[in-house]
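Structure, as structure tokens:
All of the numbers you see were taken from the coordinates with simple rules; none came from a lab. Please read these numbers as outputs of a predicted model, since none were measured by experiment. Cβ placement follows ideal geometry from the backbone for every residue including glycine, while neighbour counts extend to all protein chains displayed.
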Amino acid sequence: MPAAVLRIGGRIRAERVRRGISLRSLARSVGLSPSLISQIETGKCQPSVSTLYAITTALGVSVQDVLGNAETDGADGAGSAVASPGVSAGHLVMSGGVMSGGVMSDRAVATAAGAAGVLPGSPGPGGPVVCPGQREILELDSGVTWQRLGQVPGSHADFLMVTYAPGGCSSQEGRLMEHPGTEYGYLMRGELLVTLGFRSHRLTPGDAVSFASATPHSYRNDGDGPAVGIWFVAGPGGA
């Protein structure tokens with residue numbers, strides 16, 4: 001089963017409009033041009049890691065909120081599925097299904113799953129078990145790829161396999177990012193330079209890092225091979 005590639009521009013735009021924030025106002029608050037924000041919202045370009053966190057922080061939502069309702073394109077590019085904001089397939093099944101003798105009917109399951117953009121019988125990105133071919137993938141700017149390892153509906157935590165290609169970085173401009181929550185990372189392969197405030201740390205396989213995400217920070221891969229690790233970012237309220 002091919003992994004789904006996440007397209008988050010439409011979800012960012014929907015959240016901005018819902019909150020009554022103009023494109024220029026959002027651009028001004030994150031220090032970017034309105035044209036760049038527009039390109040991100042229309043899918044003409046993907047944000048960098050630092051830009052994505054800056055946008056979600058300015059909108060008052062978590063990255064998990066955006067990922068949880070992003071469009072997904074199959075590897076063959078055939079169509080997309082969009083879940084309604086804030087509503088999971090599981091929630092739809094429980095609240096909108098027709099129970100018969102305590103068992104959900106097949107028709108109710110199909111209707112609820114279809115409304116949430118999930119094929120009946122297919123393993124959803126929410127787990128509890130996510131196999132390699134079922135991971136949602138977010139390809140960000142500057143050579144960074146996130147693979148979503150799982151999600152728990154209602155939680156505000158990002159559970160990701162992160163890959164920084166050679167020369168990949170969280171911001172091409174070298175900007176340090178700050179956002180709510182706590183960050184934990186474990187590097188499995190390659191080397192990754194982590195900057196925390198005024199200090200830089202070079203991670204090698206087996207090294208781990210943890211810090212409050214409000215600490216100005218950035219990531220950069222100066223090595224010749226990809227840097228791959230597991231990252232867990234918990235929101236202010238934890239997981």
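Structure summary
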| read-out | value |
| --- | --- |
| Under the Karplus curve 6.51 cos²θ - 1.76 cosθ + 1.60, θ = phi - 60°, whole-Hz ³J(HN,Hα) for the range 51-68, x wherever Gly or Pro sits | 5, 4, 5, 5, 5, 5, 5, 5, 7, x, 10, 8, 4, 4, 4, 6, 5, x |
| Inter-centroid distance (Cα atoms) of the range 33-72 relative to the range 147-216, Å | 17 Å |
| Using a Förster distance of 45 Å, the FRET efficiency for Phe198-Cys131 (Cβ separation, nearest 0.05) | 0.60 |
| R0 of 22 Å, Cβ-Cβ distance Arg189-Phe211: FRET efficiency to nearest 0.05 | 0.55 |
